[in-house]
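Take a look at the structure set out below.
No value in this document is a laboratory result; all are computed from the given coordinates. Since the model is a prediction, treat every value here as computed from it, not as a measurement. Positions of Cβ are generated from backbone atoms using ideal geometry, with glycine treated the same way; all protein chains shown enter the neighbour counts.
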Amino acid sequence: EEEFKWLLQEEVHAVLKQLQDILKEASQRFTLPASGSGGAVKQENFVLSTSGTDQVKGVLTLQGDALCQADVNLKTPRNNQLLHFAFREDKQWKLQQIQDARNHVNQAIYLLMNRDVNYQFKTGSEVLKLMDAVMLQLSRARNRLTTPATLTLPEIASSGLTKMFTPALPPDILVNFYINLNKLCLTVYQLHVLQPSTTKNFKPAGGSILHNPGAMFEFGNQRYEVSHVHKVECVVPWLNDALVFFTVSLQLCQQLKDKISVFSSYWNYRPY
Amino acid sequence: MAGNSLVLPIVLWGRKAPTHCISTLLLMEDASMIVTGCHDGQICLWDLSLDLEINPRALLFGHTASITCLSKASASNEKQYIVSASESGEMCLWDVNDGRCIEFTKLACTHTGIQFYQFTVGTQREGRLLCHGHYPEILVVDATSLEVLYSLLSKISPDWISSMTIIRSDRTQEDTVVAVSVTGILKVWIITSEVSRMQDTTPVFEEESKPIYCQNCQSISFCAFTQRSLLVVCSKYWRVFDAGDYSLLCSVPSENDQTWTGGDFVSADKVIVWTEDGQSFIYKLPASCLPASDSFRRDVGKAVENLIPPLLYSVLDRADKQLLICPPVTRFFCGHREFSYKLLIQGDSSGRLCIWSVPDTLEQQDSAKGLQTTTSVSLQEAFDKLTPRPAGIIDQLSLIPNINEPLKVTASVYIPAHGRLVCGREDGSIVIVPATQTAIVQLLQGEHMLRRGWPPHRTLRGHRNKITCLLYPHQVSSRYDQRYLISGGVDFSVIIWDIFSGEMKHIFCVHGGEITQLLVPPENCSVSFT
């Protein structure tokens with residue numbers, strides 16, 4: 001009984017404080033242009049490449065949650081022609097995954113801030129409820145980074161991304177950017193048009209993070225098949241940090257929940 | 001319970017009301033019904049009589065996660081439809097008259113707010129739901145099919161929308177959506193009938209985007225009385241804005257570390273704001289916030305923090321200081337039934353609803369006294385009032401002499417093949433009863449109720465403490481013998497029973513802890529268990 005009181009009054013707040021510190025640290029990684037200092041968020045350059053071939057090379061500039069510059073070099077395998085595209089000066093591409101993750105973390109911090117040292121927890125279930133809410137936000141934040149959206153090829157083809165480049169993307173090339181865990185990824189699809197007379201069985205591909213060569217789709221009354229897929233990626237160090245912070249915080253939450261559950265189960269199961 | 005083609009689920013509640021930790025609530029426009037959503041995903045319908053008596057009528061099951069928002073989904077009074085959304089992205093359309101779920105959809109993203117709006121398409125009025133949530137747009141959803149039609153996009157710093165309101169102004173004849181993003185930027189979209197005709201041709205961008213520096217915005221509401229001002233409630237302050245050019249009229253910080261969770265206009269010159277711990281305060285707005293006054297907008301552009309906070313009018317105290325496990329939900333509704341009503345409704349974690357009727361003529365009161373609750377009822381109280389009391393499935397077998405509370409059933413499994421229901425109880429015994437007969441005993445009253453030991457049942461004793469789980473493996477896979485029933489308990493043991501003879505076949509005590517779950521391994525799994 002005494003020990004439980006101590007747990008509620010002292011230990012819970014110690015853990016909450018620790019959680020807040022970790023999450024604030026995590027939130028700082030998702031530097032926000034609007035927060036406090038007001039200064040522009042610094043830009044970071046990432047070089048995306050694969051070790052084996054150098055068919056696709058990309059230099060991406062990330063500013064907070066937006067890609068503000070992108071340079072993509074593509075060597076076409078057919079005629080070894082070198083293609084180069086970049087973002088138009090006035091365009092940015094927002095990585096929704098980063099913004100979502102940041103918002104989830106901020107919501108978790110908000111939940112914790114409302115229960116600061118002055119707040120007195122009276123029941124264990126109160127703490128459990130709070131932990132559940134915080135953990136839901138944290139696991140959402142983590143899931144947003146670890147699971148990129150699954151898109152169908154027509155969705156990629158019709159997304160605003162294709163219109164952002166200068167010179168404009170040739171019609172047989174599709175690009176897609178996303179975050180996978182701690183990595184910034186770029187996929188380039190090379191397509192060829194399926195003639196209506198073709199003997200191939202047309203089967204449109206469903207949604208996927210990464211489509212394989214041979215995937216088919218229909219877009220603008222034209223049938224296409226993916227002939228080549230190039231995927232390049234680059235580790236973003238601060239995303240890695242953020243993911244580690246999420247995991248540590250989730251563990252802390254779970255430990256606190258366990259500590260409280262021990263007491264409640266002990267009281268419930270008293271022999272008759 | 002199980003016919004050949006039709007399966008009719010029957011729920012027997014028992015004497016204890018189910019937990020109903022209210023997460024959101026809604027008053028139907030004709031004030032005849034309150035709808036509450038809870039953290040477990042159920043929706044409760046409460047009938048509201050003319051003299052404000054509340055009576056729970058039905059629980060709707062349809063969501064698998066916490067309900068995040070509720071909204072009406074039909075305009076006419078002949079159809080009473082509501083829409084509900086849950087934490088996991090589910091959306092349900094309900095007919096609240098008979099409790100039917102009419103439509104269901106699931107999106108990948110969570111909605112946190114929904115507003116109903118009628119667009120004029122040609123000569124017809126089409127119902128639309130405007131949704132916002134964990135995504136940077138406002139989705140426009142068809143109110144009958146729940147299909148996403150198009151979205152309202154942001155050009156400038158798009159971010160999640162934390163709250164939104166629809167402004168219908170008689171002066172401009174133009175309806176607008178005003179929303180505040182999580183980064184504190186106010187955004188305005190004009191929704192006229194053109195918008196709905198433009199479907200998926202061109203994106204709809206915001207008309208205006210203005211930073212108003214409102215962090216942690218909780219609610220935004222439009223003054224229906226003057227149609228000239230907006231109330232924005234943030235966790236640590238509330239602000240009044242001009243609804244025409246969105247300039248700040250006044251800002252009031254919270255006192256004593258209170259956290260605001262929402263607010264609304266009570267009349268042209270009064271606002272009601274409520275806190276996270278369930279208290280509400282009515283403030284009289286200063287003259288600079290009142291369009292009727294000469295000094296309206298006098299303070300625009302001045303240092304607003306220096307404004308004298310408007311007078312504290314009266315305090316609405318929570319009915320009882322019962323412990324709550326999470327913050328209560330408060331909403332203010334005003335409208336007309338047979339009379340015009342202004343009701344403040346609060347729902348809390350114990351399944352209790354409180355209603356305060358806010359009088360039109362609020363005079364300065366003794367702030368210690370405050371406005372008294374008009375009505376208050378909890379789900380448990382409503383259960384206790386019923387006679388006969390709601391039945392539990394094996395209540396008649398669970399009574400222990402000298403103790404009021406029946407023995408709790410802690411685990412159960414239904415075996416349709418034999419029509420048997422197996423219940424594990426907190427004292428470690430297992431009761432096997434014929435399911436239909438038991439249901440008859442509970443639901444239909446008659447002389448058999450008095451018969452002792454009815455319905456025929458068999459009690460298995462072996463566990464020394466609470467049963468936590470039961471499994472009838474033959475139901476999952478036919479490779480298991482029909483006779484076997486497996487039980488696990490908090491006494492660290494697993495027991496295999498023969499359900500026909502009632503014999504204990506085996507007892508396994510090798511576990512180092514309480515048994516929490518029993519599972520059948522998949523068909524192609526090489527590990528076998530007996």
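For the reader, a short list of remarks on this structure follows.
- For residue A:42, a cut-off of 13 angstrom between C-alpha atoms picks up these aspartates and glutamates, skipping any fewer than 8 places away in its own chain: A:65.
- Percent of C-alpha pairs per 10 Å bin in segment A:69-197, short distances first: 10, 29, 24, 16, 11, 7, 3, 0.
- D by Stokes-Einstein for chain A, Kirkwood Rh over Cα pairs, 37 °C, 0.692 mPa s: 152 µm²/s.
- Spatially proximal aspartates and glutamates relative to residue B:236 (Cα-Cα < 17 Å; intrachain offsets below 8 disregarded): A:116, B:255, B:257, B:264, B:276, B:277, B:305
- Between the amide H of residue A:94 and those of A:67, distances stay under 5 Å, these residues lying 5 or more places away or on another chain, with hydrogens modeled in the peptide plane.
- Burial ranking of peptide ranges A:111-120, B:425-434 (average Cβ count within 10 Å, highest at the top): B:425-434, A:111-120
- Look at the stretch B:125-136: the mean tally of other chain Cβ atoms within 10 Å of its residues' Cβ atoms is 1.
- For the cross-link pairs A:57/A:231; A:129/B:72; A:183/B:106; A:91/A:163; A:57/A:183, the ones whose C-alpha atoms lie over 18 Å apart are A:129/B:72; A:183/B:106.
- Gyration tensor verdict on segment B:55-193 (Cα atoms; rounded if a/c is under 1.5, prolate if a/b is larger than b/c, oblate otherwise): oblate
- Zone of residue B:61's modelled label, taken as backbone nitrogen in segment B:9-27 under 17 Å from a point 7 Å along Cα→Cβ: B:9-21
- Order by protection proxy (mean Cβ within 10 Å, highest first), peptides A:124-133, A:251-260: A:124-133, A:251-260
- Karplus-derived 3J(HN,Hα), 6.51/-1.76/1.60, for each residue of segment B:283-289, Hz, glycine and proline x: 10, 8, 6, x, 4, 5, 9
- Whether segment B:72-128 is rounded, prolate or oblate, judged on the alpha carbon gyration tensor where a/c under 1.5 counts as rounded: oblate
- Averaged over A:99-108, number of beta-carbon atoms from partner chains that fall within 10 Å: 4
- Gyration tensor (alpha-carbon) shape descriptor, segment B:7-125, a/c threshold 1.5: oblate
- Entries of A:203/B:155; A:17/B:466; A:24/B:155 with Cα pairs more than 30 Å apart: A:203/B:155; A:17/B:466
- Aspartates and glutamates with Cα under 17 Å of residue A:259, excluding same-chain neighbours fewer than 8 positions away: A:1, A:2, A:3, A:10, A:11, A:126, A:132, B:514
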